[in-house]
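Okay, here's the structure, questions in a sec.
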Amino acid sequence: MTVLDAAPALPRLSTAMREGSRAEHEAAEGSLFMSELLAGRISPAGYAAYLRRLRVVYAALEGAVRRQASDPVVAAVADPALERLAALDADLAHWAPGTDPAAPLDAVDSPAAHAYADRITAAEAWGGLLAAHHYTRYLGDLSGGQAIGRLLDREFSLDGAGTAFYAFPGIPKPKPYKDAYRARLDALGLGEAEVDRIVGEVKAAFGLNQALFAELGEQVERLRR
Ligand code: HEM
């Protein structure tokens, strides 16, 4: 046996994150609110209710990432070009004119969004946990999110208005960007226990998104147009 044979293969973090959350991803895709939204059956007020929740989540995520910027795992993924808060404010101004962008986030009536934000804040305990939340939101926004943005644009005849959330002006080509993002995660050379912990947090993040959709799903009758 050579030395090379004896070395345990390092798990590829990015593959583990994707493979480990496949079932959770499928569940999120099938949520009632998402299907109704993509079928064009949600009202502007209903979509604003979704955006307000995302605002709570991204405020927590982007604050945490800035605070932990010197952590090596966070540094591997952090990029101001990803930040979504300003885009969410611009979209809220379109879907719910008169929304005060400075209104306190606590006032958003959504146990699911606040539970998600709390979990992100707790993830500041280790950069790997925070990176799990970063990956779940931003790689999703750069993947399926792009198709969701195009569908919304078509269903509501928006001509680009109100969909800033899905536009990344600093990232003209999502595919090579996502490949480089995954390569940076893999280059960290994390061990199996760390990879497992990160994958567990990715699953938890998907669950929190699912809970957010479920909360909106419960109100779907009054969020329809
Ligand atoms: C990747 C669709 C919801 C997180 C993808 C990809 C598609 C997709 C097609 C693969 C893109 C590629 O190969 O580059 C959808 C659709 C959704 C949805 C249609 C809802 C209707 C979500 C949600 C989340 C999410 C709710 C989590 C918040 C992700 C992540 C990836 C991804 C993290 C990247 C996987 C990886 O390459 O590592 N999505 N998605 N998606 N999605 Fe979704």
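The values are calculated or read from the model by the stated rules, or taken from the named source; none is laboratory data. Just so we're clear, the structure is a prediction, and the values are computed from it rather than from any experiment. Surface areas here come from the heavy atoms of the whole protein model, side chains and all, with no ligands, DNA or RNA. Shrake-Rupley method; radii C 1.70, N 1.55, O 1.52, S 1.80 Å.
Which order do 71, 141 take by accessible area at a 1.4 Å probe, largest first? Provide the component values of the computation, followed by the final result.
On the way: 71 35, 141 5 Å².
Of 71, 141, the descending order of accessible area is 71, 141.
Whenever you get a sec, line up 133, 25 from highest to lowest accessible area (probe 1.4 Å, protein heavy atoms). Before the final figure, lay out each step's value.
Values: 133 0, 25 80 Å².
I get 25, 133, largest accessible area first.
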